[in-house]
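Here's the structure, in structure tokens; my notes come after.
The values are calculated or read from the model by the stated rules, or taken from the named source; none is laboratory data. Computed from a predicted model, the values in this text were never measured in an experiment. As a convention, Cβ positions derive from the backbone with ideal geometry for all residues, glycine included, and neighbour counts pool all protein chains shown. Ligands, DNA and RNA are excluded from the accessible area calculation, which covers all protein heavy atoms including side chains. Shrake-Rupley method; radii C 1.70, N 1.55, O 1.52, S 1.80 Å.
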Amino acid sequence: MNPSGRAVVAEDIFRLWAVGDAVVQPGTERVAYVASIPVHGQREPASNIFVADPGRTEASPWTATGGNRRPRWSPDGRWLGFLSRRSGMPAQVYLLASSGGEARPLTRLSRGVEDFSWAPDGEAVVVVAASGEPWSPKDDRQPEPARVIDRMPYRLNGVGYTYDRRFHLFRVDTSGDVVALTAGPYSDTQPAWSPDGTQIAFVSARHDARDHDVGQDVFAVRLDDLSIIQLTATEGGVHDPVWCPDGCHIAYVGTTRRDSTPSHGRLWVMNADGSGRRRLAGSWDRHVIGRPQWAPDHQGIYALAEDDGTTDVWHFALGGADGAPAPERVGVGHRQVTAFDLARDGTWGVTVSSTPMRPPEVYREAWSAEAQPTGLTHLHDGWCAEVALVEMEPYTAASADGALVSCWMMRPPALAVPDGGTHPGLLKLHGGPFAQYGYGFSHEMQYWCAQGYTVFMANPRGSSGRDEDWARSLGMARGVVDYEDVLAAVDAGLARDAAVDPNRLAVNGGSYGGYLTSWIVGHTNRFRAACSEAAPNNLYSMSGTGDLAGKNRRLQYGFTAQENPEFFWRASPIAYALDINTPVLIIHGENDYRVPIEQGEQLFAALYFQGKPARLVRFPNEHHGLARGGHPVHRLERLNLMREWFAEHGA
């Protein structure tokens, strides 16, 4: 970071790499990882696989075509498998010898491969792939047939129509021969081989109410006769089963509720036959995410968990009964870790992490709270030396009922306020609501600071990162306690920074953050301008149009829109459109299936016909992930439109 450097600009997105999926080559210190970067004039970022070797100063690119992801070393380290989109085909498994050479395709499945995992002997992989053949016209005159829908969800945001698609497991040996392992009217994902290679654990929802709740189970398929046994009891959602190297136990992450949300992910261990299930660190109340990994001594498990703005690696000792002992964080400092992997001997590992002032990099870790991580990549050294970045400052705000809310602020660098006078403030609201702000890098936050704003952030009730009661305390209080929490964050932030002009405040959020933005301007006039993005403005209509909204709302509230229409209207921002006087910029992707664009259209029409200052911006071919995953041109246009709107209205 250079305090006297230049300001962060919108175009810096073309300098910032997304990094993920770092994996250690067995028996060596080499690490494969994925790094992708936006490219001018190209919708998809260039995503390639690199290998960092302690003996080299720079990582080596092992692919160069773009569209590469999910590197996985074979158990003996001789091969690197990965998914790649090439020659107009959907993603397939490719193999690349660790000694060098050209990658060769292992699979040629018509609908592509979603995931894969190596067999313990390295002679095969199990892949997750959609069954059946995709429709293709016989000639240019043949129209696409009607979509016949008899279940929900039948389409997913960013994916498309899924009603005719189920994912199943297939064994593919190194010669390319394919054997189907599962079938049926459900999807099977997240495969994990048993150490002896005789079984594959996987996740599936096969109970009758699977379209109406979040229940899933861990199953295992035997490879000798393809018999399948259910290992868990449909108690909640589950993900990422992992076998203990001794073959006697399976760890997985699971929730304790199937009929209501949100619910914390907990770390569980069971015997290989499904008996003896127990929750590790039972009294420890934080949200566990991602894929766990067994310690080499089989006496503990490493997993990622959120904790009040941080996401880091924690070690869970097996212990005895539920509740003992508490896990230990093995990371250092305030950061957000998005991926990790253990070396085979367990004495070290790698993480992908970022901090507010450092974009993501790959680090070597000694798994000690005292040892500092060592950078294996230096993707952002040059950029960080150019720009003036600012730190996040944590603070706490007392809400209207006395609840304490975790908050952060980021002040503009000196170059953004050269006269040292007052400047505007911007309240940023995260999506979810079961998500958290915290100590990770955000180009957008740095951008707004460079524009001269102090940025306020908070994790109101409904957010993750705290205990489950905090996450579940929103419920039917949506629009009440969360509204009070974020306004308290602004008040406490203004008290900490007298340079912020309280008459020049703006507010912005997307998805649930957009909902809260629309709600705020319907209940207070203290903000000079607002930008509501991909916002659920009418919960009643969205319950029938959003890809997951109908089920999610019932799980959140305990009833459907038809069973209690009065509540759904009362909890909808559009019900208060007559009270909105703040100028509102409404941004929406036209291909958004999560929060369909009719939600933005409704709010714009309601404000327009009242003569209120409002503008609707529709982004073609963009779905719900526009802000971070949209076309780079649209991402730049979005920031510029927001900046101009705020300036036009005095914020």
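Cα atoms only, the stretch 125-241: Rg and Dmax in Å?
16.4, 53
Mind checking which aspartates and glutamates have their Cα closer than 17 Å to the Cα of LYS612? Skip sequence neighbours fewer than 8 apart in that chain.
ASP579, GLU601, GLU648
Using r as the Cβ-Cβ distance of PHE609 and VAL178, and R0 as 56 Å, what FRET efficiency do you calculate, to the nearest 0.05?
Step by step, r from the Cβ atoms, then E = 0.45.
State to the nearest 20 debye the size of the charge dipole of the chain about its Cα centre, where the only charges are +1 on K and R beta carbons and -1 on D and E beta carbons.
Taking the Cα centre of the chain as origin, the dipole is about 1000 debye.
Is the shape of the stretch 376-427 rounded, prolate or oblate, going by the alpha carbon gyration tensor and its root eigenvalues a ≥ b ≥ c, with a/c under 1.5 for rounded and a/b larger than b/c for prolate? Let's see the in-between values first.
Numbers: a/c = 4.67, a/b = 1.50, b/c = 3.10.
The shape class here is oblate.
Could you provide, to the nearest whole Å², the per residue accessible area of the stretch 445-593 with probe 1.4 Å?
That works out to 30 Å² per residue.
Return a whole-number percent for the relative contact order of the stretch 271-345, with Cα pairs under 8 Å and 6 or more residues apart as the contact set.
Working: 132 pairs, mean separation 22.1, N = 75.
Relative contact order, the stretch 271-345: 29 percent.
Test of understanding: what is the full-extension gain from ARG165 to THR347, defined as 0.36 nm times their sequence separation minus their Cα-Cα distance? Walk me through the numbers on the way to the answer.
Values: separation 182, 0.36 × 182 = 65.52 nm, distance 4.27 nm.
Full-extension gain reported as 61.3 nm.
When all C-alpha to C-alpha distances in the stretch 216-362 are sorted into bins of 10 Å, what percent of pairs does each bin hold, rounded to whole numbers?
Per 10 Å bin, starting at 0, the Cα pair percentages come out as 11, 40, 34, 13, 2, 0.
If you wrap the stretch 586-644's Cα atoms in a convex hull and average its projection over all directions, what's the area in nm²? The partial results should precede the final answer.
On the way: hull surface 15.8 nm².
The directionally averaged projection comes out at 4.0 nm².
What FRET efficiency would be calculated for the residue pair ARG628, VAL9, taking the C-beta separation as r and a Förster radius of 25 Å, to the nearest 0.05?
In this case the efficiency is close to 0.90.
Can you compute the equivalent ellipsoid semi-axes for the stretch 231-273, i.e. the square root of 5 times each eigenvalue of the Cα gyration tensor, sorted largest first and rounded to whole Å?
22, 10, 6
Can you compute the modelled spin-label distance between ARG222 and ASP208, with each label point 7 Å from Cα toward Cβ, in nm?
Rounded to a tenth, the inter-label distance reads 2.8 nm.
Pairwise over distinct Cα atoms, reciprocal of the mean inverse distance: report the Kirkwood radius of the stretch 544-651 in Å, one decimal place.
15.5 Å
How do the peptides 609-619, 409-419, 285-295, 99-109 rank, highest first, by the average count of neighbouring beta carbon atoms within 10 Å per residue?
Ranking the peptides 609-619, 409-419, 285-295, 99-109 by packing returns 285-295, 409-419, 609-619, 99-109.
How many angstrom lie between the Cα centre of the stretch 140-199 and the Cα centre of the stretch 84-116?
Going from one Cα centre to the other spans 17 Å.
For a test of the definition: using alpha carbon positions, the gyration tensor, and the 1.5 limit on a/c, classify the stretch 557-607 as rounded, prolate or oblate.
On the way: a/c = 2.95, a/b = 1.28, b/c = 2.30.
It is oblate, given that a/c is not under 1.5 and a/b is not larger than b/c.
How much mean residue ellipticity at 222 nm does the chain get from its helices, if each DSSP H run of length 4 or more adds -39500 (n - 2.57) and you divide by all residues, to the nearest 500 deg cm²/dmol?
-4500 deg cm²/dmol
Under a plain spin-label model, where a point goes 7 Å from the Cα along Cα-to-Cβ, how far apart in nm are LYS138 and TRP569?
For LYS138 paired with TRP569, the spin-label model returns 5.2 nm.
Under 8 Å for C-alpha pairs, at least 6 residues apart: give me the relative contact order for the stretch 343-386, rounded to a whole percent.
Relative contact order comes out at 29 percent.
GLY440: net charge of surrounding residues, Cβ under 10 Å, Lys/Arg +1, Asp/Glu -1, itself excluded? It would help to have the intermediate numbers written out before the result.
Numbers: positive: ARG335, ARG358; negative: none.
After counting each charged neighbour, the total is +2.
If you take the charge dipole of the stretch 41-142 about its Cα centre, with +1 on Lys and Arg Cβ and -1 on Asp and Glu Cβ, which of TRP79, TRP62, ALA91 is farthest toward its positive end?
Projecting each Cα onto the dipole axis, the largest value belongs to ALA91.
Please state, to two decimals, what the Cα-based radius of gyration of the stretch 422-490 comes to when divided by 2.2 N^0.38 Å (N = residues).
1.19
Ranked highest first by the average count of other Cβ atoms within 10 Å around their residues, in what order do 530-543, 574-587, 270-283 fall?
530-543, 574-587, 270-283
Identify all aspartates and glutamates with a Cα-Cα distance to LYS138 below 14 Å; exclude those on the same chain that are fewer than 8 residues away in sequence.
Output for LYS138: empty list, no partners.
Determine the distance separating the Cα centre of the stretch 427-505 from the Cα centre of the stretch 526-591; give it in Å without decimals.
Cα centroid of the stretch 427-505 versus Cα centroid of the stretch 526-591: 19 Å apart.
Taking the simple approach of a point 7 Å from Cα along Cα-to-Cβ for both SER87 and THR57, what is their distance in nm?
A separation of 3.9 nm, rounded to one decimal place.
Counting only protein heavy atoms and using a 1.4 Å probe, what share of the accessible area of the chain belongs to carbon plus sulfur, as a whole percent?
50 percent
Compute the FRET efficiency between ALA146 and TYR395 as 1/(1 + (r/R0)^6), taking r as their Cβ-Cβ distance and R0 = 56 Å, and round to the nearest 0.05.
On the way: r = 56 Å, r/R0 = 1.00.
Rounded to the nearest 0.05, the efficiency is 0.50.
So for the chain, Kirkwood radius off the Cα pairs, Stokes-Einstein at 20 °C and 1.002 mPa s: how many µm² s⁻¹? Write out the running numbers ahead of the final one.
Values: Rh = 26.2 Å.
It diffuses with D of about 82 µm²/s by this estimate.
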